[in-house]
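Since every read-out is calculated from the coordinates, none of them should be taken as a lab result. Computed from a predicted model, the values in this text were never measured in an experiment. Here the Cβ is made from the backbone with ideal geometry for all residues, glycine too, and neighbour counts use every protein chain on show.
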C-alpha cells in the first residue's frame, strides 16, 4: 500500500480507463463546490478502483462521494471511506451525495465488497436530491 496524507482537493480530476489500487488517502480535509471527493471527481470508461481507502472530512455543494463523485461504467471493489460528509448547499437543484460515490451510472457501473462509515449532514429540504447509501 501507498499512503497520501492531508489532501485538500481530489487526487485526480478524471480517471478514464485507469486502474488505481492499494492506496490509502489519510486525514483528508477537502472542500469544493461541485464534484467533491477524495480520489477523483470522475471515474469513466472501465476504470477499476481496488483496495483504495480514505478517511477524513469532505464538504461540498453538489455531487459528493467519499471516494469518487461520479462513476460511469467503472468498478470500485474492496474499498472504503470513513469520516464526515457535509453538504453546504441550499437549493432545489438536483444533486447526489453518497458514502463512496455520489452518482453511479452505466450498465458496467459496480460497487463490490466496499463500505462507507460516515457522519452525513445536508441542507436538502426539497427538490431532486439523492442523499445517503454507498
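At 0.36 nm per residue, and after removing the present C-alpha to C-alpha distance, how many nm does the segment from residue 31 to residue 18 gain when stretched out fully? Show your work: numbers first, answer last.
Working: separation 13, 0.36 × 13 = 4.68 nm, distance 2.45 nm.
That works out to 2.2 nm of additional length.
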Practice problem: Find how many whole Å separate the alpha carbon centroid of the stretch 60-78 from the alpha carbon centroid of the stretch 7-30. | Solution: 11
Quiz prompt | Packing-based ranking, highest mean first, of 40-48, 107-115 given that Cβ atoms within 10 Å are counted | solution = 40-48, 107-115
Quiz prompt | Highest to lowest packing among 79-85, 65-71, scored as the average C-beta count within 10 Å | solution = 65-71, 79-85
Exercise. With just the Cα atoms of the chain, tell me how far they stretch along each of the three principal axes, in Å, largest first.
Key: 39, 33, 24
